[in-house]
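Down below is the structure, laid out as structure tokens.
No value in this document is a laboratory result; all are computed from the given coordinates. This structure is a prediction, so every number in the text was calculated from the model and none was measured. Please note: Cβ atoms are built from the backbone with ideal geometry, for glycine as well, and neighbour counts cover all protein chains shown.
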Amino acid sequence: MSAHHPALARAEAFAALYGLRRPLLLAPMAGACPPALSLAVMRAGGLGACGALLMQPAAILAWADAVREAGPFQINLWIPDPAPARDPDHEARLRAFLGRFGPAVPPEAGDAAPPDFTAQCEALIAARPRVVSSIMGLYPPAFVARLKERGIAWWATATTVAEALAAEAAGADAVVVQGAEAGGHRGAFRADQAEAQAVGLMALLPAVVDAVSVPVVATGGIAEARGAAAALLLGASAVQIGTGFLRCPEAGIPSAWADGLGRARPEETRLTRAFSGRTGRSLATDYVAAAAAPDAPVPAPYPVQRGLTQAMREAAVKEGDLSRMQAWAGQAAGLARAVPAGEVVEGIWEETQGLLR
């Protein structure tokens, strides 16, 4: 491909470095990255992705084996937060509140814990993806050194300029700049700063590009060519898309959620801690609104809140009830298309090239 615009040349060089035909990346969305979705993106020339937060080591290895033949992919983990503070009385109020939206919540529900992080990291080494990415913080130096020894790139998600600088100093090979428009969890290093420091991509991206010397990947609120072209013009070397792929049949999300994404205006999403205890952007559903009401108990920390809401979330999916569903959504959700993922990749890149030539 010839690239007449410097932004295209930069993006195509980055894609070539990672063995891609197109600088379009699937966002690693925990619980919404089945192998079928990555395979479709990879076969169209993009980068596949796995959000491995909730996966045991054996499941991480099985996922990698399922997609490996199609090309390069990334696997992402959350950096664990400190152990959450527990308050039995407050959790009892939360359980009573959540009982209005789903099955009764037993006292032990808040004890749920994520898989062992160290064991997951060992699985990442064994899986040998082209890229290991991080969110919510930085990997320990010893693990970063092991990745580099094996030729596995580390991409660190950052939501502020300060986080991007810290990631570069820690050895990240690229910084994934996550704007506040993004659906799903905010990647803030500190949970208590996730909302106060929610910066939009169009302001954050050029500031990070100017601050660091490593390549920058743009993510958040990009679901079609206009957003992709804008991100490349602002200095990104690639574009990562999450919500823009969720309506694709390969994503396999509940139809009520997929339909809700297609109807959503940007202002019909909101940041909430009501599902997991960590700030994320979802559709502004009835439950999300109720949980934000002045008389509602504040959510418990992650992962306590996630355990407390599990029964409600599972019942909502079973019943197809969007009003109680954990329906993560970026502000560009209404631009997501209900077409095969390969068609999304090919269409966005073709139109992006046209805009920049």
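Tabulated data for the structure shown
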item	result
Estimated dipole of the chain in Debye, rounded to 20 [Cβ of Lys and Arg +1, of Asp and Glu -1, Cα centre]	340
C-alpha long axis of helix 304-319 to longest principal axis of the chain, angle in °	90
Added length on full extension, which subtracts the Cα-Cα distance from 0.36 nm per residue, A16 to E69	17.3 nm
Relative contact order computed over segment 213-291 (Cα-Cα under 8 Å; 6+ residues apart), in percent	19
Integer Hz, Karplus 6.51/-1.76/1.60 couplings in order for segment 342-356, x for Gly and Pro	x, 5, 4, 4, 5, x, 4, 6, 4, 5, 4, 4, x, 5, 9
Nearest-ten-degree value, helix 117-127 long axis tilted from longest Cα axis of the chain	30
Antiparallel %, DSSP beta bridges [both residues in the chain], to 5	20
Chain lengthening between H5 and L233 when straightened (0.36 nm per residue, less Cα-Cα)	81.1 nm
Per-residue Cβ neighbour rank within 10 angstrom, fewest leading, L47, L124	L124, L47
Relative contact order [Cα under 8 Å, 6+ residues apart], the chain, whole percent	20
Whole-number D in µm² s⁻¹ for the chain, Kirkwood Cα-pair radius fed into Stokes-Einstein, 37 °C, 0.692 mPa s	161
Label-point separation, D286 to D210 (7 Å along Cα→Cβ), nm	4.7
Residue exposure sequence - E69, E163 - by fewest surrounding Cβ within 10 Å	E69, E163
Efficiency of FRET between R357 and A36 - r from beta-carbon atoms, R0 30 angstrom, step 0.05	0.35
Nearest-ten-degree value, helix 201-211 long axis tilted from longest Cα axis of the chain	60
For segment 235-280, size of Cβ-based charge dipole, Lys and Arg +1, Asp and Glu -1, in debye	180
Residue exposure sequence - I60, I79, I241 - by fewest surrounding Cβ within 10 Å	I79, I60, I241
Farthest toward positive dipole pole in the chain [+1 Lys/Arg, -1 Asp/Glu at C-beta], among A300, M312, S213	S213
Sites A113 and E350 - FRET efficiency at Förster radius 51 Å, r taken between beta-carbons, to 0.05	0.70
Spatial separation of Cα centroids for segment 36-104 and segment 297-357, in angstrom	13
Estimated vicinal HN-Hα couplings, Hz - segment 132-147 in sequence order (Karplus 6.51, -1.76, 1.60; Gly, Pro = x)	10, 10, 10, 8, 6, x, 10, 5, x, x, 5, 6, 4, 4, 5, 4
Values of log10 I(q)/I(0), in the order q = 0.23 Å⁻¹, for segment 233-357 under a Debye, Cα-only, solvent-free model	-1.34
Relative contact order, percent, segment 60-208 [alpha-carbon distance under 8 Å, six or more residues apart]	21
